[in-house]
Amino acid sequence: MKHNKTIVLVLFLFLVIFLVSSVIAISNSPRIIKTYPRDNSNDIISEKEFKIKFKEASPIAVELHYKNILDSEYNIESFNLSNIVECQHKTANQEVWGCRKEINILDEDIEFFFRVKNAFIEVDSKISRVKFDSTAPELSVFSPEADDILSNFIVFSGEVNEESKIWYEMDNRKKHRICSKCVYFDKEVKIPSGESRGLHRINIFAEDEAGNIAEETRQIFIQ
């Protein structure tokens, strides 16, 4: 009987130690404050950079898990906690961290989450989605043509392979909008009466939703 009581007491002590350790681990679990890119399937971004801000006194690992939304397996990128280019303290008490990393991936729809670990527990951020597009739009300018001789009007016409904001600059001066969200454009612009005669440089720009910019240049002569 005494032997049985000893076994029960030992088991009870193990249970208490386990419960106390679990409480300590849960109370000291990492807290993820913010992640980037934002979880918004309508956003399209060009920079393939991932960021996380979290609170943890003694992290041992920070990971990014990512994949194409059609794939089944995640790729894993580990952050270097001792490299200030990737991770650094954000507060004087050194409990808040910020980590960032550029990932070499294709322009595609990505699903991702972060994982932060300490000696006791690991915490995952929610699964987010983002669409990357780092390719500039294809801009074709039909008019003006190179070395056009103009007197009263400039006709801007052309096309883009995706919806873009189109504008022009004359002699690298003020921006002038042609259209806000278009794939084709055809606009006649009156040449200001005070514009000097002679050679001028016109730059036509197309900016897609992700912020990638294409540019075409024409030299014209105003008579």
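Below are the figures for this structure:
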| read-out | value |
| --- | --- |
| Selected residue (criterion: nearest to TRP167 (Cα to Cα)) from residues of region 183-223 that are in a loop (DSSP other than H, G, I, E, B) and free of Cβ contacts under 8 Å to residues at least 40 places away in the same chain | PRO192 |
| Residue count for region 143-153, restricted to those that are loosely packed, with under 14 Cβ neighbours inside 10 Å and either within 33 Å of the chain's Cα centre (by Cα) or of a type in the set (Asp, Glu) (or both) | 2 |
| Residue in region 203-211 that is closer than 25 Å to SER134 by Cα and open to solvent by 60 Å² or more (accessible area, probe 1.4 Å) present | yes |
| Residue in region 93-102 that is within 13 Å of ARG115 (Cα to Cα) and open to solvent by less than 60 Å² (accessible area, probe 1.4 Å) present | yes |
| Residue satisfying all of: in region 111-120; modelled with pLDDT of 95 or more and not acidic (Asp, Glu); farthest from ILE166 (Cα to Cα) among these | ASN118 |
| Filter pass, SER134 being closer than 28 Å to GLU108 by Cβ, among the polar types (S, T, N, Q), in contact (Cβ under 8 Å) with a residue 24 or more places away in the chain and open to solvent by less than 30 Å² (accessible area, probe 1.4 Å) | no |
| Number of the condition not met by PHE156 [criteria: (1) in contact with a Phe, Trp or Tyr (Cβ under 7 Å, 6 or more places away or on another chain); (2) open to solvent by 70 Å² or more (accessible area, probe 1.4 Å)] | (2) |
| Subset tally (residues that are open to solvent by less than 30 Å² (accessible area, probe 1.4 Å), more than 13 Å from the chain's Cα centre (by Cα) and among the β-branched types (Val, Ile, Thr)) for region 103-122 | 1 |
| Verdict on VAL85 being at pLDDT 95 or above and either among the β-branched types (Val, Ile, Thr) or open to solvent by 50 Å² or more (accessible area, probe 1.4 Å) (or both) | no |
| Search result, residues across region 115-126 that are within 13 Å of TYR66 (Cα to Cα) and part of a loop (DSSP other than H, G, I, E, B) | SER125, LYS126 |
| Output for region 127-182, where each listed residue is outside any loop (DSSP other than H, G, I, E, B), charged (D, E, K, R) and farther than 30 Å from GLU63 by Cβ | GLU159, GLU162, GLU163, LYS165, GLU169, LYS175, ARG177, LYS181 |
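The values are calculated or read from the model by the stated rules, or taken from the named source; none is laboratory data. Computed from a predicted model, the values in this text were never measured in an experiment. We place every Cβ from the backbone using ideal geometry, glycine too, and count neighbours over all the protein chains shown. For the accessible areas, the whole protein counts, side chains as well, though only heavy atoms, and no ligand, DNA or RNA atoms are used. Shrake-Rupley method; radii C 1.70, N 1.55, O 1.52, S 1.80 Å.
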